[in-house]
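The structure under discussion appears below in the form of structure tokens.
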Amino acid sequence: MTLQGKTILVTGGAGFIGSHVVERLAAEDPARVIVVDDCFLGAPDNLDTARLLLGDRLRCHWQDAGDFDAMRAILDAEPVDVVYNMAVIPLPTSLERPKWTAEKNVVLTTTICELQREGRFQTLIHFSSSEVYGTAQYVPIDEGHPYVPSTPYAASKLATDYVALSYRHTFGLDIAVIRPFNNYGPRQNSGSYAGIIPIVVTRVLAGTPIAIFGDGLQTRDFIFVRDTAEAAVRVYREPRARGRVVNIATGRECTVNDLVARLLHALGADTHPVVHVEPRLGDVRRHLAGTALAAELLDFTATTPLEDGLTQTVQWYLTHLSRRDPAAVPAGQ
């Protein structure tokens, strides 16, 4: 199975992970890539590289991917072969607006599945989240691990997975579920609802202390975003992935304390002040992924070492933030 010559729609394609998936799809020589994004977290300039790679084969619709009528109109106007469903309301939002987050995430996926049921495209690659597992009951966390979602976001993502798989089993649709663990890399949102890596970099640049939730001994399986984008392409290529969930991760865990220390070293700011604050609501204590199924089905292994990925990520933020505000970058950076 190949994506060459296909028309591919990516919901959330101007987001952090979505924009990297669009870039990776460009290497498959598609006929066209259509991005639908309302820019809740995404941004048009995240697609600057994709525009260079795809030219007029990239088309963008700046709108809500959960708007059924609008999405139907897009798919009616231009035949689509494959949809990557990546639009999402993120975890931090669910701590402030839980009801809206849960409802919105379910609508985003149900809309896409219903359009597939109507025959408006052939294949759906649905993006899940490792948060559905909650804190590890055992390690490594394989795809058979119990689901213990600990936030409204995690619960909503689990619901979307069940929606997608139910459409597969009930209507025989061509659907696979990819479940990435903690992604990091260039273009991760540094504004509202930012992740830990952009927060650390921006606080160092601003000269303000870094706040770590709890004792910092909670672990995550951090995967470089371009490795996830590679896995997303491989999931489409593999027919045996249909109707299944596949973890995408490194199979290695890192404490938050260690991650912050590595980031500070990469920034040349080893002595920057770090404080510990009250634990965050619903925070997962331990994540370490089982990756055997991805290796078996997809011949996929994450190839970017954490140190290399952090170096690339830090350099991107230093360059990006200095372009916005040259005075924000300290001397020697």
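The values are calculated or read from the model by the stated rules, or taken from the named source; none is laboratory data. This is a predicted model, so every value here is computed, not measured. FYI the Cβ positions are ideal-geometry reconstructions off the backbone, even for glycines, and counts take in every protein chain you see. To get the accessible areas, we keep the full protein, side chains included, count just its heavy atoms, and leave off ligands, DNA and RNA. Shrake-Rupley method; radii C 1.70, N 1.55, O 1.52, S 1.80 Å.
Table for the structure above
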| read-out | value |
| --- | --- |
| Under 23 Å from the Cα of LYS157 - lysines, other chains or at least 8 residues apart | LYS99, LYS104 |
| Whole-angstrom Cα spans of the chain along principal axes, big to small | 57, 45, 38 |
| The stretch 1-121: C-alpha gyration tensor shape, a/c 1.5 cut-off, then a/b vs b/c | oblate |
| Tensor-based shape of the stretch 246-299 (alpha-carbon gyration tensor, a/c under 1.5 rounded, otherwise prolate or oblate) | oblate |
| Carbon/sulfur fraction of accessible area - the chain, other protein chains in place, 1.4 Å, % | 52 percent |
| Accessible-area value, ARG242, 1.4 Å probe, nucleic acids and ligands omitted, Å² | 20 Å² |
| List MET1, MET71, MET86, ordered by accessible area with a 1.4 Å probe, largest first | MET1, MET86, MET71 |
| Accessible area expressed per residue, the stretch 44-177, with surrounding protein chains retained (probe 1.4 Å, Å²) | 42 Å² |
| Electrostatic dipole magnitude of the chain [Cβ: Lys, Arg +1; Asp, Glu -1; Cα centre; debye, to 20] | 80 debye |
| Principal axis dimensions, the stretch 211-291 - Cα atoms, whole angstrom, descending | 50, 30, 16 |
| Sequence of ASP270, ASP37 when ordered by accessible area, the most exposed leading, probe 1.4 angstrom | ASP270, ASP37 |
| Theoretical gain in end-to-end length, GLU143 to ARG280 [0.36 nm per residue, Cα-Cα removed] | 46.7 nm |
| Cα centroid separation, the stretch 243-278 to the stretch 168-221 (Å) | 10 Å |
| Positive dipole terminus of the stretch 205-270, leading residue within LEU267, VAL233, ILE210 (C-beta point charges) | VAL233 |
| Amide proton proximity set for ASN183, modelled H, under 5 Å, gap of 5+ | ILE223 |
| Only Lys, Arg (+1) and Asp, Glu (-1) charged, at Cβ; the stretch 31-140 dipole about Cα centre in debye | 180 debye |
| Net length gained if the chain between ASP45 and SER166 were fully extended (0.36 nm per residue, minus Cα distance) | 40.0 nm |
| Highest-fluctuation residue, ALA70, ALA294, ALA164 considered, GNM on the chain with Cα pairs under 10 Å | ALA70 |
| In Å², nearest 10: area of LEU281 left accessible to a 1.4 Å probe | 130 Å² |
| Accessible surface ranking that places the most exposed of VAL274, VAL314 first, with a 1.4 angstrom probe | VAL274, VAL314 |
| Residue of THR301, THR219, THR208 that the Gaussian network model of the chain assigns the largest fluctuation, springs spanning Cα pairs under 10 Å | THR208 |
| Principal axis dimensions, the stretch 102-229 - Cα atoms, whole angstrom, descending | 54, 32, 28 |
| Debye equation applied to the C-alpha atoms of the stretch 96-137, log10 I(q)/I(0) at 0.14 Å⁻¹ | -0.48 |
| With eigenvalues of the C-alpha gyration tensor scaled by 5 and rooted, the stretch 1-68, Å | 19, 13, 10 |
| Cut-off under 5 Å, modelled amide H: who pairs with VAL36 long-range | VAL10, THR11, GLY12, GLY13, HIS61 |
| Net charge of neighbours whose Cβ lies under 11 Å from the Cβ of LEU173, counting Lys and Arg as +1 and Asp and Glu as -1 | 0 |
